[in-house]
Amino acid sequence: MRLAFGAAKIYADLGSKEFQLKKDTAAIRAILLLLGMSVILGACAKPPTEEIEAAEAAVTRAENDPDAAAYAESSLSRARNALSRARTEMNDKRYDAAKSYAAEAVSAAEKAVSDGRAAAARSREEAGSLLNQVKQLLSETETALENAQNPPRVQLDFPALATGVDSARGDISQAEAAYNANRPRESLEKSRSARSILGDIQNRISGGVREAVRKK
């Protein structure tokens, strides 16, 4: 009886040890699997060098585009900020965030170029239209000034008005040169100056004529 009990105990102990060994083996396999996955993931997590370089190239193109620099400063600034964040995230080994910011930098830089060109086209169209208007206004002012001197009863400082017309004519000449050189902002500035001068001259002529008619 004792012999049978002892044998049963031995078998039970062996079974328990075998079960524990299986548990330990399974745990070791799980640890090894996790270590292997970590190595694989670590190997896959490479710095987004290509993405950063693409973002840098896109921002540089936008910065060197005169229309983007002149008319799309907001988008250009956003592109620069995103590129700066991308570099920071890559240095801190947060590669997913670095990729995201790099993509944002490319998108903002491309938008700056696109928006800049569209705004430049609108500005050029506006400059051309205003230039034509002030040329017509110059012709009308010259005619009004000549008519105001005949008869001579209109009391105006005609030499000063003629000087003003010459000044406006100079502004128009500069506006046209700027327009032809694809500098619409400068063209608009000069055309607006000429318009202001000619408008003032026409108001003075109209006032002098009205006064002469009233005294008639």
Tabulated pairs, segment 128-155, first assigned by TED's automatic domain parsing to the domain that holds E176, second among the charged types (D, E, K, R) and part of a helix (DSSP H, G or I), C-beta under 6 angstrom, 6+ apart or interchain: V134/R195
Residue match in segment 46-56 (condition: in a helix (DSSP H, G or I), under 15 Å from the mean Cα position of the chain (by Cα), crowded, with 20+ Cβ neighbours inside 10 Å and not basic (K, R)): yes
Single residue of S206, S193, S187, S167 found to be small (G, A, S) and either in contact with a Phe, Trp or Tyr (Cβ under 6 Å, 6 or more places away or on another chain) or on the phi > 0 side of the Ramachandran plot (or both): S187
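Every residue, every condition in (1) surrounded by 20 or more Cβ atoms within 10 Å (Cβ to Cβ); (2) in a helix (DSSP H, G or I); (3) in contact with a Pro (Cβ under 6 Å, 6 or more places away or on another chain), yes or no:
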residue: A127; (1), (2), (3): yes, yes, yes
residue: L131; (1), (2), (3): yes, yes, no
residue: L137; (1), (2), (3): yes, yes, no
residue: E142; (1), (2), (3): no, yes, no
residue: R153; (1), (2), (3): no, no, no
residue: G164; (1), (2), (3): no, yes, no
residue: S206; (1), (2), (3): no, yes, no
residue: A212; (1), (2), (3): no, yes, no
Filtered residue count, segment 91-125, keeping only those that are buried (at least 20 other Cβ atoms within 10 Å of the Cβ) and aromatic (F, W, Y): 1
Residues of segment 78-100 classified as in a helix (DSSP H, G or I) and without any contact (Cβ under 8 Å) to a residue 40 or more places away in the chain, total: 16
Candidate set: segment 166-188, residues that are part of a loop (DSSP other than H, G, I, E, B) and surrounded by fewer than 19 Cβ atoms within 10 Å (Cβ to Cβ); chosen: the one farthest from the chain's Cα centre (by Cα): A181
From the options V134, V113, residue that is of a type in the set (V, I, T), in contact with a Ser or Thr (Cβ under 7 Å, 6 or more places away or on another chain) and modelled with pLDDT of 95 or more: V134
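The values are calculated or read from the model by the stated rules, or taken from the named source; none is laboratory data. Quantities reported herein were computed from a predicted structural model and do not represent experimental measurements. Here the Cβ is made from the backbone with ideal geometry for all residues, glycine too, and neighbour counts use every protein chain on show.
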